[in-house]
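Reading through the structure tokens given below for one structure.
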Protein chains: 2
Amino acid sequence: MIPLVITLSLASRSYPIYVGQHLLTKHNILLPYLSSKQIMIVTQENIASLYLPILKAALADYPCDVMYLPNGEQYKNIEQWQGILEKLIEQRHERNTTLIALGGGIVGDMTGFAAACYLRGVNFIQIPTTLIAQVDAAIGGKTAINHASGKNMIGAFYQPRCVIADIDFLQTLSAREYRAGLAEVVKYGLIQDADFFQWLEANMALLLSKDESALLYAVHKSASIKANFVSQDEKEQGLRSLLNLGHTFGHALEVANHYEGILHGEAVAVGIIMASFLSMQLGWISSSDHQRIQALFDKIGCMKNLPALPLPSDFIRFMQHDKKVEAGKVHFILLKGIGQAIKTSVVTDQQLKQTIEWAADLMVNV
Amino acid sequence: MIPLVITLSLASRSYPIYVGQHLLTKHNILLPYLSSKQIMIVTQENIASLYLPILKAALADYPCDVMYLPNGEQYKNIEQWQGILEKLIEQRHERNTTLIALGGGIVGDMTGFAAACYLRGVNFIQIPTTLIAQVDAAIGGKTAINHASGKNMIGAFYQPRCVIADIDFLQTLSAREYRAGLAEVVKYGLIQDADFFQWLEANMALLLSKDESALLYAVHKSASIKANFVSQDEKEQGLRSLLNLGHTFGHALEVANHYEGILHGEAVAVGIIMASFLSMQLGWISSSDHQRIQALFDKIGCMKNLPALPLPSDFIRFMQHDKKVEAGKVHFILLKGIGQAIKTSVVTDQQLKQTIEWAADLMVNV
């Protein structure tokens, strides 16, 4: 099958997102996006052992430097980012070099931010190898590193030249990472596509078995929705913020745990059911819609064995440090229905506290 | 007199450059460019003691955080940049905050790069207080920090919302910094405006005495030429590179001296007469044009008491680490006449060596 192509439209910075199988082997789609013979691949040991040979074979005529990052969100920091820059300087990479991110969201975010800043910006390509990166992180040019007091506090909007999302990579992804990625897939249905949400309810068993046709559909659908949001609002001045459903809660959870013991997708899953509960409390969605949402996440099973929730007072403090604070007020993306997200700050402290207590109980019992 | 305004045209990111006197006191031009009540002023102790009260008075209704950077190009580094970001996080600056750079090129470059990266980009304003910053560094959105092995290796193209160039600030500028700034003014004449070069030859004594009319004319003319180049080629893919006349040599000199004992403008002055000598060697400019250029820099007197030049082999090694290397080849901006710069790499090692040796002799004797 020929690869599916989604165009992310941003005038002169538009770029294609390829979704398919055997993209690096059968299809020679990488080469037109290189800007010279100079290349640095940024990856991680575990990914490299599986997929670096395939990428290097696709780049047979190109000498490539390879830089390895450690595993774990706690290493998405300024020191590791500086390490990429040091290596580029050491190896004398020039303005027309290309950085290739081969890995998950952490690799993509850090490589993109290094590409944004090296010599004031060089070419880069995203080859996401996790589900969460293929449907979300690798698309849309948000690059960043974390700070101890907040996620993605330092970064840039910097678009890649292309994104190559090969679902074959997902066959070796751990069950835990795969399930965490499905949380972001569900997010797209909840935000603006009730039909897709219904499809996910009907086909979750197939998706969990990594059925190729189901996966191709889900990745293509998710990437299309994401690309569409980004095309309309690259810098997140309005519409794009809806993509943060579950993220205000989720980021606070990640920060509270120092980015350890909980994957980003898992934190987002918890955040989404909290947003759903809060929406129900506000009378915006029915109890049966809330049940459907919770049931789908139960089926995915991405909320088991997570760290306990912080106390409400701590949880709220962590949320206030997030990027999404405006005039001292925390903003939430909540639901007016399945397939209909909105941004709001009309949440009382009491409602917030109840939501956190409800989620804390739930987490003990999943 | 009402302020002169130059518009730097970059579609939705266009912005005004104000040139004049009493800009913060008599004219309330700052306020429309603030995006909320949150402000962080980044400056240095010596500048703050002179001008921070004026700026704070202009912002009487706004609570301002103030961050101080140490003096000296050797502190334009990743640690100090990180310090600005830490302070923004600590003081809980939000997405709609405004950073104001009050100072010379170092303050402007670092503040701009911090603004580019904090929460993926916040609003910033340039208030340049040195001549070099008013005519060059504060205009055009080049922001960066240095790396031990090269100047401005890490940075971003990130435009301010406005530039406020008040020539009153220049009255307290040290003679040394002022003369170094005049080197960049001369640069604009050499690159594309022979009439301006001739005006500078005729009026250098007035300029050296900081005559207000002469200064207004020179700053406005220089800023206009700079803005015009940037409007045509923001990301330096062609035309804008002509502004680097003297900079390939100059950056190497700065790196060789670890950014100490030589100001940027002084290094550029040496770099420009080296470019002039090399252009004469290539038969591109006459010996009398070269003499005119050297004579004008002698009049400015910005090449006295500088560190000795490195040996040619070291000098060339430092140049090869510069950003302007393409396919391993060093590129030079040279002159085809006064008012006519071009980019070239047709320079032999022998010609380069002779130029360095000539300049080394010259520096001993100025």
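Placing a label point 7 Å from the Cα of A:Ala148 along the Cα-to-Cβ line, no residue of the stretch A:231-261 has its backbone N under 11 Å from it. Modelled this way, with points 7 Å down the Cα-to-C-beta line, the labels at A:Leu206 and B:Gln354 are 7.6 nm from one another. Label-to-label distance for A:Leu311 and A:Leu362 is 2.3 nm, based on points extended 7 Å past Cα in the beta-carbon direction. Exposure proxy shown here: for B:Ser36, A:Ser345, the number of other Cβ atoms within 10 Å sets the order, fewest to most, as A:Ser345, B:Ser36.
Ordering A:Trp284, A:Pro16, A:Ser222 by Cα displacement along the dipole of chain A toward the positive end leaves A:Pro16 in first place; charges were set at the Cβ atoms of Lys, Arg (+1) and Asp, Glu (-1).
For a paramagnetic label modelled on A:Ser286 (point 7 Å from Cα along Cα→Cβ), amide N atoms under 19 Å away belong, within the stretch A:321-349, to A:335-341.
Counting Cβ atoms of other protein chains within 10 Å of each residue's Cβ and taking the mean over peptide B:116-125 gives 5. Size of the dipole of the protein assembly as shown about the Cα centre, Lys and Arg at +1 and Asp and Glu at -1 on the beta carbon, nothing else charged, in debye to 20? Using Cβ point charges on Lys, Arg, Asp and Glu, the protein assembly as shown gives about 860 debye. Note on chain A: the alpha carbon radius of gyration divided by the globular reference 2.2 N^0.38 Å gives 0.95. Per-residue extension of 0.36 nm, minus the Cα-Cα distance of B:Cys64 and B:Thr344, leaves a gain of 96.1 nm for this segment.
Summarising the overall dimensions of the stretch A:4-172 from its C-alpha atoms, the Rg and Dmax are 14.5, 44 angstrom. In the assembly of identical copies, B:Gln320 has its label point, taken 7 Å from Cα in the direction of the beta carbon, separated from the corresponding points by 5.6 nm (ascending, one decimal). Springs join every pair of Cα atoms under 10 Å in this Gaussian network model of chain B, and among B:Lys343, B:Lys87, B:Lys26 the largest mean-square fluctuation is at B:Lys26. Where both bridge residues fall in the stretch A:4-172, DSSP classifies roughly 30% of the beta bridges as antiparallel. For B:Lys226, the lysines whose Cα falls under 18 Å of its own Cα, not counting residues fewer than eight places away in the same chain, are B:Lys142, B:Lys187, B:Lys235, B:Lys343.
For chain A, averaging the sequence separation of C-alpha pairs within contact (under 8 Å, six or more residues apart) and dividing by the residue count gives a relative contact order of 16 percent.
For the pair A:Asp298 and A:Ser35, a Förster radius of 45 Å applied to the C-beta separation gives a FRET efficiency near 0.45, rounded to the nearest 0.05. Take every Cα pair under 8 Å whose residues are at least 6 apart in sequence, average their separation, divide by the length of the stretch A:175-365, and the relative contact order is 29 percent. Annotation: the antiparallel percentage among DSSP beta bridges lying fully within the protein assembly as shown is about 45.
Listed from fewest to most Cβ neighbours within 10 Å, the set B:Glu234, B:Glu326, B:Glu73 follows the order B:Glu326, B:Glu234, B:Glu73.
The phi torsions of the stretch B:176-182, fed into the Karplus equation with coefficients 6.51, -1.76 and 1.60 and a -60° offset, translate into couplings of 5, 5, 5, 4, 4, x, 4 Hz, rounded to whole numbers, with Gly and Pro shown as x.
Exposure proxy for A:Glu266, B:Glu201: other Cβ atoms within 10 Å of each Cβ, ordered fewest to most, give B:Glu201, A:Glu266. Computed on the stretch B:4-172, with alpha-carbon pairs under 8 angstrom and 6+ residues apart, the relative contact order is 26 percent. Calculated on the Cα set of the protein assembly as shown, radius of gyration then Dmax: 27.9, 88 Å. Each copy carries a label point for B:Lys210 at 7 Å from Cα toward Cβ; from one copy, the others' points are 7.2 nm away, ordered from shortest. Note that the stretch A:254-269 has calculated 3J(HN,Hα) couplings of 5, 5, 4, 9, 6, 6, 10, x, 8, 7, 4, x, 5, 5, 5, 4 Hz, one per residue in order, obtained from phi through the Karplus relation 6.51 cos²θ - 1.76 cosθ + 1.60 (θ = phi - 60°); glycine and proline are x. The helix-based estimate of mean residue ellipticity at 222 nm for chain A, built from -39,500 (n - 2.57) per DSSP H run of four or more residues and divided by its residue count, is -14500 deg cm²/dmol to the nearest 500. Nearest beta carbon of chain B to the B-to-A rotation axis, with distance in whole angstrom: B:Ala156, 3. With its label point defined 7 Å out from Cα along the Cα-to-Cβ axis, A:Gly283 lies at 9.0 nm from the matching points of the other copies, in increasing order.
Values quoted throughout were computed directly from the atomic coordinates according to the rules given, and no laboratory measurement underlies them. Fair warning: this is a prediction, and the values are worked out from it, not measured in the lab. Backbone-built Cβ (ideal geometry, glycine too); neighbour counts: all protein chains shown.
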